[in-house]
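Working notes for the structure below.
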């Protein structure tokens with residue numbers, strides 16, 4: 001007899017999980033598992049010497065988050081004593097280190113351990129994972145039932161493909177793997193790029209370099225600086241946050257409501273997109289006060305096509321400093337002593353800093369070999385077949401976090417990570433309490449999902465005329481890999497996993513999870529055997545609509561204006577006008 005037959009319904013078998021990456025995603029998964037599960041084993045392999053992922057690796061001058069620091073936290077784990085409106089990378093690293101220590105997550109983590117291959121074994125329904133201990137050079141093979149790839153998408157530097165780059169005799173740096181030991185004092189620096197990293201780097205290095213030249217191939221939309229001294233919270237403000245947790249909660253909620261209220265800005269030709277474009281154009285012109293700079297540095301693409309950069313006016317002021325030169329155009333090639341710009345001019349420098357972002361192709365750094373030896377590196381190099389940020393077409397018992405189609409520019413990201421962890425946990429729970437051999441996303445499901453994303457993206461700003469992380473910096477390239485909707489839309493989509501999108505294979509009788517006829521309640525000597533008897537119906541709501549009303553606290557806020565697309569808004573306005581006319585007519589008739 002199957003051993004589970006003698007146990008209670010939904011008895012948990014032991015499950016072994018391997019997670020690759022100990023950044024925000026891996027730590028969140030570890031916390032969620034620890035909070036809700038028993039009878040499991042978790043190992044997190046982290047290639048870096050410490051945790052925090054991209055915030056461990058990114059150490060370039062001026063590196064900071066572009067989301068308000070009080071909101072770059074897990075929704076359930078606030079931090080009251082942030083020093084800045086937009087926290088620096090070292091402070092963010094500290095947040096994740098404190099989180100891991102508080103919840104004793106280090107017991108699951110092996111740092112300086114790099115996964116070099118993952119291979120699916122169909123017979124056993126397991127993954128074999130090869131790992132190298134970077135401290136000793138020793139390689140080992142581990143195995144797991146469930147494999148989670150939480151390596152993120154901002155961890156692989158995108159070095160520019162420039163002829164002669166290897167010939168440069170000076171120092172070459174990349175913003176994504178910056179060497180803090182290199183001194184820039186008194187040096188001539190050539191800064192390639194004008195995106196988020198460059199906007200932070202230039203003001204930070206301007207006071208210490210001899211000269212810096214920035215090569216701006218394409219501009220970016222910039223937000224005004226925050227109205228605090230150098231973007232810092234005052235000591236009085238910090239003390240208030242520490243002593244009054246409710247004030248922090250209120251600030252976080254206000255920030256989040258603002259971020260969640262502007263999604264239609266990311267849709268072409270909407271009222272909000274037009275308003276954002278007019279506003280930012282106006283404030284940037286006011287900051288420039290220079291006709292030539294206006295023409296060259298105000299983008300001609302939609303706001304949000306590339307990530308909008310906060311505190312950008314400090315950067316604009318830096319462009320006007322005496323020791324800063326602006327080269328409008330890209331770099332054609334590199335020589336032993338400098339760069340040749342698109343116009344053929346040679347620019348000498350001691351150090352080249354490539355602020356050229358990340359490789360966001362989502363192609364994994366290590367071979368992931370699925371059924372029949374299929375290599376995910378090869379398949380995703382040709383075409384990404386992901387699913388809702390968490391899945392891979394036809395690869396069993398494996399999940400991604402911050403994978404393709406995660407809402408990374410559509411609104412708050414940290415809560416999306418939490419939603420992914422919850423989603424993955426729901427399937428781990430099912431795997432643990434049913435006789436499942438494997439579960440894999442169906443190929444036709446992923447194909448239809450990708451078709452839907454492609455259709456949606458035609459009206460989204462990410463298909464506008466700009467290079468961005470969603471098209472892997474290739475205009476007119478792949479279908480953008482962000483979520484086809486708002487972050488709130490994503491949360492509702494992820495709330496109730498769709499089991500019918502998965503091909504589930506069982507070992508033995510699929511109903512052996514019923515056990516020996518005893519409930520979990522009866523198995524627990526402290527449980528109430530009449531728990532369902534109550535004075536009123538406070539049970540589970542039967543529809544998604546009703547459940548969402550409760551979760552979203554409908555009725556708790558003052559009614560707000562809804563930002564609809566123009567055509568939809570016109571239809572709604574006409575409908576409302578017709579209704580008002582009918583009401584007036586009925587009122588007159590009743591008099």
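For the structure I just gave you, tell me whether residue 64 is under 21 Å from residue 423 (Cβ atoms), in contact (Cβ under 8 Å) with a residue 24 or more places away in the chain and either under 26 Å from the mean Cα position of the chain (by Cα) or not assigned by TED's automatic domain parsing to the domain that holds residue 176 (or both).
no
Would you pick out the residues in region 231-256 that are assigned to a helix (DSSP H, G or I) and either assigned by TED's automatic domain parsing to the domain that holds residue 83 or without any contact (Cβ under 8 Å) to a residue 40 or more places away in the chain (or both)? I'd like the intermediate steps shown before the answer.
First pass over region 231-256, keeping only residues assigned to a helix (DSSP H, G or I): 231, 235-243, 245-256.
235, 236, 237, 239, 240, 243, 246, 247, 250, 253, 254, listed by residue number.
So residue 31 passes all but one of these: (1) touching a helix residue (DSSP H, G or I) at 6+ places or on another chain (Cβ under 7 Å); (2) farther than 26 Å from residue 195 by Cβ; (3) part of a loop (DSSP other than H, G, I, E, B). Which condition number does it fail?
Against the list (1) touching a helix residue (DSSP H, G or I) at 6+ places or on another chain (Cβ under 7 Å); (2) farther than 26 Å from residue 195 by Cβ; (3) part of a loop (DSSP other than H, G, I, E, B), residue 31 comes up short only on (3).
Return a yes/no flag: does region 248-267 have any residue that is surrounded by 14 or more Cβ atoms within 10 Å (Cβ to Cβ) and farther than 20 Å from residue 412 by Cα.
No, there is no match, as no residue in region 248-267 is surrounded by 14 or more Cβ atoms within 10 Å (Cβ to Cβ) and farther than 20 Å from residue 412 by Cα.
If the requirement is being not in a loop (DSSP other than H, G, I, E, B) and not assigned by TED's automatic domain parsing to the domain that holds residue 33, which of these qualifies: 198, 194?
Of the residues listed, the single one that is not in a loop (DSSP other than H, G, I, E, B) and not assigned by TED's automatic domain parsing to the domain that holds residue 33 is 198.
For region 492-504, give me each residue that is part of a strand (DSSP E or B) and either surrounded by 15 or more Cβ atoms within 10 Å (Cβ to Cβ) or without any contact (Cβ under 8 Å) to a residue 24 or more places away in the chain (or both).
502, 504
Have a look at 521, 463, 526 and point out the one that is outside the structural domain of residue 388 (by TED's automatic domain parsing) and touching a helix residue (DSSP H, G or I) at 6+ places or on another chain (Cβ under 6 Å).
Every option except 463 fails the conditions.
Out of 233, 215, which single residue is buried (at least 19 other Cβ atoms within 10 Å of the Cβ), in contact with a strand residue (DSSP E or B) (Cβ under 7 Å, 6 or more places away or on another chain) and more than 24 Å from residue 298 (Cβ to Cβ)?
After ruling out the rest, the residue left standing is 233.
Exactly one of (1) over 19 Å from residue 154 (Cα atoms); (2) out of contact with any strand residue (DSSP E or B) (no Cβ under 8 Å at 6 or more places or on another chain); (3) surrounded by 15 or more Cβ atoms within 10 Å (Cβ to Cβ) is unmet by residue 317. Its number?
In the conditions (1) over 19 Å from residue 154 (Cα atoms); (2) out of contact with any strand residue (DSSP E or B) (no Cβ under 8 Å at 6 or more places or on another chain); (3) surrounded by 15 or more Cβ atoms within 10 Å (Cβ to Cβ), residue 317 misses (3) alone.
Would you check if there is a residue in region 296-309 being more than 27 Å from the chain's Cα centre (by Cα) and not assigned by TED's automatic domain parsing to the domain that holds residue 80?
Checked against the condition, which is being more than 27 Å from the chain's Cα centre (by Cα) and not assigned by TED's automatic domain parsing to the domain that holds residue 80, region 296-309 yields at least one hit.
Only one residue in 447, 440 is surrounded by fewer than 20 Cβ atoms within 10 Å (Cβ to Cβ), within 24 Å of residue 398 (Cβ to Cβ) and touching a residue at least 12 places away in the same chain (Cβ under 8 Å), so which one is that?
Unique residue meeting the criteria: 447.
Identify the single condition in (1) in the same structural domain as residue 118 (by TED's automatic domain parsing); (2) touching a residue at least 24 places away in the same chain (Cβ under 8 Å); (3) buried (at least 16 other Cβ atoms within 10 Å of the Cβ) that residue 379 does not satisfy, given that it satisfies every other one.
The number of the failed condition is (2).
In this structure, is residue 364 more than 24 Å from residue 306 (Cα to Cα) and surrounded by fewer than 21 Cβ atoms within 10 Å (Cβ to Cβ)?
Answer is no for this residue.
The values are calculated or read from the model by the stated rules, or taken from the named source; none is laboratory data. On a predicted model such as this, the values are computed, not experimentally measured, just so you know. So basically every Cβ, Gly included, is an ideal-geometry build from the backbone, and we count neighbours across all protein chains shown.
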